[in-house]
1. (1) among the hydroxyl-bearing types (Ser, Thr, Tyr); (2) facing chain B (nearest Cβ under 10 Å); (3) in contact with a Ser or Thr (Cβ under 7 Å, 6 or more places away or on another chain); (4) open to solvent by 20 Å² or more (accessible area, probe 1.4 Å): which one isn't true of residue A:75, the others all being true?
2. Hey, does the stretch A:55-69 have a residue that's at pLDDT 85 or above, surrounded by fewer than 19 Cβ atoms within 10 Å (Cβ to Cβ), over 25 Å from residue A:214 (Cβ atoms) and not acidic (Asp, Glu)?
3. What about residue B:141, is it within 10 Å of chain A (Cβ to nearest Cβ) and hydrophobic (A, V, I, L, M, F, W, C)?
4. Regarding the stretch A:391-410, can at least one residue be identified that is in a helix (DSSP H, G or I), over 15 Å from residue A:337 (Cβ atoms), in contact (Cβ under 8 Å) with a residue 60 or more places away in the chain and out of contact with any Phe, Trp or Tyr (no Cβ under 6 Å at 6 or more places or on another chain)?
5. Can you name every residue in the stretch A:204-217 that is surrounded by fewer than 24 Cβ atoms within 10 Å (Cβ to Cβ) and small (Gly, Ala, Ser)?
6. Among the residues of the stretch A:416-461, write down those that are modelled with pLDDT under 75 and part of a helix (DSSP H, G or I).
7. Counting only residues that are within 15 Å of residue A:225 (Cα to Cα) and facing chain A (nearest Cβ under 7 Å), how many does the stretch B:187-213 have?
8. Checking the condition at the interface with chain A (Cβ under 9 Å from one of its Cβ atoms) and surrounded by 12 or more Cβ atoms within 10 Å (Cβ to Cβ), which residue from B:147, B:219, B:165 passes?
Amino acid sequence: MSPPCCGFLSQYTHHHLVTFLLTFFSYVLLHASRKTFSNVKVSISAQWTPSVLNGSSPAYSPGQTWEENKLFEDSQEATLFLGALDTIFLFSYAIGLYVSGVIGDRLNLRYVLSFGLCGSAIVEFLFGTVTEWLHFYNIYFYCCLWVLNGLLQSAVWPCVVAVMGNWFGKSGRGFVFGLWSACASVGNILGAFLASSVLKYGYEYAFLVTSAVQFAGGVVVFFGLLSSPKEVGLSMTCESAMSPVQNDSDSHRPLISDEEYAQEEEGVMCDGGYYSVQRSDQDQDQAPELGDPPVAIGFFQAFCLPGVLPYSLAYACLKLVNYSFFFWLPFYLSSNFGWKEAQADRLSVWYDVGGIVGGTVQGLISDFLGKRAPVLAVSLLLAMGSLVGYSHSPDNQVINAVLLAVTGFFIGGPSNMISSAISADLGRQEVLRGSQEALATVTGIVDGTGSIGAAGGQYLVSLIESRLSWMPVFYFFITMTGVSLLFIGPMIISELRSVCQEMRTRVHQL
Amino acid sequence: MFTFVTLCITSLLFGSSYQQMEFQVCHLCVGSLQNGTAVGYFCASLSGRVEGRCCWRQQGERASIVGLDLSNCSLRHIEDLQEASTAVMIDLSSNPVINISDSVFQGFIELHYLRLPSTLQCPGGNASWEKVTSDGVVCLCEEQKDACHQDGNMSWNCPENSLCAPDGPGFTQCSCTGEYHGYKCLREGQFPTGLVFGILGSSTFLASALLWYTQRRKAKFT
């Protein structure tokens, strides 16, 4: 009884497409609202401060138009506070990720996702639009709202990865997830577009539009999302017999990995035990507890799953580099090369583009190989090289853009893969044997650790840059990339060993 | 006291053309506008209504003060004349005032004739007025100059999106040009709320309905 497999695309139904698009756009909207906040920072700090007077000239009149708002004395203080808001947001996002992953595995994914999207939209509306309409500017209010926003937004990522993991099996997961994890970068582009087109009416309208669209997205997700194929009685897309799917925990198994045995194993382990209705009677003996619904895994159990800890720590270092690039790049470009902020913003899009391409291509390659860690290792080594190259970039926009895209390819690729495809792999390992729901919890852990790394990095980068210069910042990035390589070292070694063993057995068979 | 209050309330309830707001500035001292004074002559020529020391002129729905005569009032301090900011002629002579802050006259864009005791300087300095004469008893400041155009060129720079406008003798204000409005004239135009929310609402409804029909309608578990 061979699994009903399947050419690559024919196994996907329209449900898969809709799920892909809905989860994709949920995260796009979330990132768009974050990017909106970054883009309106100049307008917000202008709103919070009185007018700048040159020299000893008296204050402008009338006071309501020019001097009234004195939340901060000058734009430097306002910028410091905006940076502090970023850090607060990232920390509460990280904490929320740990919690939301656990919640997502226990509750209905669709409810948690819609709640996160709509709740976050309401908080953003309060933060940006209501405070401006009421002219109520208060530091503590802003901080509390942003903490709440971080907690609510953290519900989204684990749920979307879990839903994707439910619908898309291991075969092709690398490619599909690579393509799908472009959502963050698409969100950045959409957010920049929305903010720039509405900003002239006032920054409060930028918040209004993004939060309204995000709320609408939450409503559409609530009515249209199927969190797993079970809900419509479909089978999970099974392993293709072509790609060997030995996990590193298989390395201790006997080496008799002939086709029959592999298929039998795959039949049992068909990604967490989702079976189609017609197969259930045949597989009764081998099917693990088909009657019992999967139990959600505990937080510490999930933490102790093989591979979760090293990948989380590696992701912390990678996300630090990724986010620091994302947040500081326009500032670095305009302060180091003296380019205008609009130009720097446009150039920084290339990093995102490189990340999208990198995630997709590397996901595809890792699917062909059946292994993720070696692809990551090669990419991270090349990333260190490209960082060295970028730090010595000449004052030429074209060359800078090319180097930026290359760096984005090598850093963004592994980063996207770890946060999506690998998290899905980890949450669906054989160790769980389909009896435990761990996908959202594991995703939450990996991304939560990553966000803590990113939050810490924001502070460190500004510290290093103000004490020393930009070169040490790049050395710091290179070191962090190397450290993340070290963390996934054991995984690389064991996967390489199993690759060698497979090749040896194939040679023996021939 | 009680009748006074009821009178106030009833007069407030009575509608615009008979509105006689109790402007404090008109009653800073006793007596009313005299015919023989400069302000009195000016008031008569405009057929304005006299109330206390003020001369009122009716312009359509609104009435505004065009003249104020506080001469010979034994005033030692003059602090707030803002109620008379629309005045064209003000007489403060024969008062034992030692000094007066320039900001008292901020907002007096119509003021073209100002009589002050000779102890005082013209507000905004002599450069803010076309003609300044002093005969030892009274200082006369005539024809306020546009402070935005000092010495023939724009000596006052307003921030972006705003233009200089006069705001009294020696005062300027920066008011937003064109479509700009709001704090620091940062905002431009009106946000098309109806259009945006109309499109958003209808597309959300359509998308939700379509997706529910194609996806969730057959869902077995909640």
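1. (2)
2. There is no residue in the stretch A:55-69 that is at pLDDT 85 or above, surrounded by fewer than 19 Cβ atoms within 10 Å (Cβ to Cβ), over 25 Å from residue A:214 (Cβ atoms) and not acidic (Asp, Glu).
3. no
4. Among the residues of the stretch A:391-410, not one is in a helix (DSSP H, G or I), over 15 Å from residue A:337 (Cβ atoms), in contact (Cβ under 8 Å) with a residue 60 or more places away in the chain and out of contact with any Phe, Trp or Tyr (no Cβ under 6 Å at 6 or more places or on another chain), which makes the answer no.
5. A:212, A:216
6. A:430, A:431, A:432, listed by residue number.
7. Total meeting the criteria: 5.
8. Exactly one of B:147, B:219, B:165 is at the interface with chain A (Cβ under 9 Å from one of its Cβ atoms) and surrounded by 12 or more Cβ atoms within 10 Å (Cβ to Cβ), namely B:219.
The values are calculated or read from the model by the stated rules, or taken from the named source; none is laboratory data. Everything quoted here is computed from the prediction, not taken from an experiment. As a convention, Cβ positions derive from the backbone with ideal geometry for all residues, glycine included, and neighbour counts pool all protein chains shown. Just the protein is used for accessible areas: all its heavy atoms, side chains included, with ligands, DNA and RNA removed. Shrake-Rupley method; radii C 1.70, N 1.55, O 1.52, S 1.80 Å.
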